[in-house]
Amino acid sequence: MANSVLPRIPLKSISNTPGEFRYSLTDAFFNELDQEDLAGGEIEVNATVTKDRENQAYSLDFSIKGFVKVACDRCLDELQIPIEAHDHVKLVMDEEETSDSDFVRTIDRRTQEYDMSDDIFQLIELSLPIQRVHDEGSCNEEMLNVLREHSRKEE
């Protein structure tokens, strides 16, 4: 359905049948987020939203696939890391926005749309490897020489 910088689900349009949404997120999405780890990327998001019978909650299943750009831990040059992950979130309608669960989001009953940006960002962050480095021999040689020089001085 919608394709915008921010992946928003129009909750009021979800009826008895599941709603399916697709988003193509590019560098503009990552620039809008308040974060410093991700320099950009290209992520495809597929989301399915179902409404419960009492209309008090929504079930959101989504998957992400693509790549993100981060700084290499060794040479600091840009590094593309492939991402593929799935997640499930339950959106519960209530008067106050509170929740003590990682998988449940409490949203105000008057909410017209749900912004998936934080959920997508968290899933990407959890999917990244601890060590983010280029393959052997692909790092910026000039930076590696600087590192070697500083290492010798410290010894």
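Laboratory data are not the source of any read-out in this text; all were calculated from the coordinates shown. Remember, it's a predicted structure, so these values are computed and weren't measured experimentally. Quick reminder, even Gly has a Cβ in these numbers, built from the backbone with ideal geometry, and neighbours come from all protein chains shown.
Annotations for the structure displayed:
- When the range 39-57 is limited to residues that are under 15 Å from Ile9 (Cβ atoms) and aliphatic (A, V, I, L, M), the one that is surrounded by the most Cβ atoms within 10 Å (Cβ to Cβ) turns out to be Ala47.
- Extreme residue, nearest to Asp115 (Cα to Cα), among residues of the range 75-84 that are assigned to a strand (DSSP E or B) and touching a Leu at 6+ places or on another chain (Cβ under 8 Å): Ile83
- Some residue of the range 53-72 being without any contact (Cβ under 8 Å) to a residue 24 or more places away in the chain and out of contact with any strand residue (DSSP E or B) (no Cβ under 7 Å at 6 or more places or on another chain): yes
- Flag for Arg132 being loosely packed, with under 10 Cβ neighbours inside 10 Å and of a type in the set (Lys, Arg): no
- The range 9-58, subset of a type in the set (Asp, Glu) and part of a strand (DSSP E or B), residue nearest to Asp119 (Cα to Cα): Glu44
- Residues being of a type in the set (A, V, I, L, M, F, W, C) and outside any loop (DSSP other than H, G, I, E, B) - total across the range 100-110: 2
- Selection count where residues are acidic (Asp, Glu) and outside any strand (DSSP E or B), scope the range 59-74: 1
- Residue tally, condition assigned to a loop (DSSP other than H, G, I, E, B) and out of contact with any Lys or Arg (no Cβ under 9 Å at 6 or more places or on another chain), over the range 133-155: 5
- When residues of the range 111-129 are limited to those that are part of a helix (DSSP H, G or I) and among the polar types (S, T, N, Q), the one surrounded by the fewest Cβ atoms within 10 Å (Cβ to Cβ): Gln122
- Checked against the criterion of being crowded, with 17+ Cβ neighbours inside 10 Å, within 13 Å of the chain's Cα centre (by Cα) and not aliphatic (A, V, I, L, M), the range 28-38 has at least one qualifying residue.
- Taking (1) of a type in the set (Asp, Glu); (2) part of a strand (DSSP E or B); (3) surrounded by fewer than 17 Cβ atoms within 10 Å (Cβ to Cβ) in turn, Asp87 satisfies each apart from (3).
- So Asp108, is it surrounded by 14 or more Cβ atoms within 10 Å (Cβ to Cβ), in contact with a strand residue (DSSP E or B) (Cβ under 8 Å, 6 or more places away or on another chain) and not β-branched (Val, Ile, Thr): no
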